[in-house]
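S.K.: If you scroll down you'll find the structure; I have some questions about it.
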Amino acid sequence: MAAPKETPVQMADPATIVLGVIGADCHAVGNKILEHVFRGAGFNVVNLGVMVSQEEFIAAAIETNAQAIVVSSLYGHGEIDCRGFREACIEAGIQDILLYVGGNLVVGKTDFAAVEKTFRDMGFDRVFPPGADPLEGVASLRKDLADRSASHA
Ligand code: B12
């Protein structure tokens, strides 16, 4: 993949994201690329790597005061692994955290609109299709964080 074209932004207080591949999923390559791209875009990235449980994502997000959790799932069991994630965040007191998910979320080539709806209904703020460019994630996160800070101003 070509190096990201975006120049790093100078953020006085860079937003922190927790990144990882959920469940028993060991696909490691995309995770490393996502880490590189989000870090290059100026975010503070806490990368938990592969085979990460919901509890581990949430504990890291609390510990680092993260603004977003960015989940990948490649092996087709994403729906099972992600079920109850938003509820677990609410229970842990981080109900407002941004939740992003992407990868090959279900087995086979199911209509992405249906997959997106399933994950949105589960409380994910953004759902990305197979092979999505990580820079789309960066652009969406910048927009969502800017919208939030505008609404809190
Ligand atoms: C290499 C590979 C493996 C290796 C992984 C080695 C390793 N440690 O990384 C091994 C051999 C171990 C493996 C095992 C399995 N694999 Co495999 N594997 C692949 C393969 C060939 C490449 C994956 C890869 O590295 N891609 C390159 C990276 C750069 O791309 P990426 O992972 O998609 O990530 C990018 C984007 O998706 C996106 N992205 C990802 N997450 C997110 C999140 C957000 C928010 C955003 C914005 C973007 C984003 O950005 C990433 C960076 O560019 C793919 C097929 C393929 N061509 O993709 C199958 C594939 C992912 N594997 C598959 C399967 C089924 C398995 C197994 C279940 C097979 C089995 N029966 O055992 C096991 C699962 C093991 C486990 N516990 O995880 C299927 C998944 C099918 C599905 N979901 O419908 C695939 C698609 C193959 C296929 N066509 O069937 N696999």
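S.K.: Quick check: anything in segment 10-17 buried (at least 20 other Cβ atoms within 10 Å of the Cβ), within 9 Å of the ligand (Cβ to nearest atom) and at pLDDT 75 or above?
M.R.: No; the residues of segment 10-17 include none that is buried (at least 20 other Cβ atoms within 10 Å of the Cβ), within 9 Å of the ligand (Cβ to nearest atom) and at pLDDT 75 or above.
S.K.: Inspect all residues belonging to segment 131-152 and state whether any of them is farther than 20 Å from GLY30 by Cβ, surrounded by 15 or more Cβ atoms within 10 Å (Cβ to Cβ) and within 13 Å of the ligand (Cβ to nearest atom).
M.R.: Residues of segment 131-152 farther than 20 Å from GLY30 by Cβ: 142-152.
Checking which are surrounded by 15 or more Cβ atoms within 10 Å (Cβ to Cβ) leaves us with 142, 144-145.
Retained after the next criterion (residues that are within 13 Å of the ligand (Cβ to nearest atom)): 142, 144.
Within segment 131-152, one or more residues are farther than 20 Å from GLY30 by Cβ, surrounded by 15 or more Cβ atoms within 10 Å (Cβ to Cβ) and within 13 Å of the ligand (Cβ to nearest atom).
S.K.: Here is a further query. Using beta carbons and a limit of 7 Å, which pairs, at least six apart or on different chains, have the first residue in segment 88-100 and loosely packed, with under 15 Cβ neighbours inside 10 Å and the second one not in a loop (DSSP other than H, G, I, E, B)?
M.R.: GLN95/CYS89
S.K.: Within segment 109-128, how many residues turn out to be away from the ligand (no atom under 11 Å from the Cβ), among the aliphatic types (A, V, I, L, M) and not in a helix (DSSP H, G or I)?
M.R.: Number satisfying all stated conditions: 1.
S.K.: Mind counting the residues in segment 117-137 that are of a type in the set (D, E, K, R) and touching a residue at least 12 places away in the same chain (Cβ under 8 Å)?
M.R.: Within segment 117-137, residues that are of a type in the set (D, E, K, R) and touching a residue at least 12 places away in the same chain (Cβ under 8 Å) number 2.
The values are calculated or read from the model by the stated rules, or taken from the named source; none is laboratory data. The shown structure was predicted, so the numbers you read here are calculated from the model rather than taken from an experiment. So basically every Cβ, Gly included, is an ideal-geometry build from the backbone, and we count neighbours across all protein chains shown.
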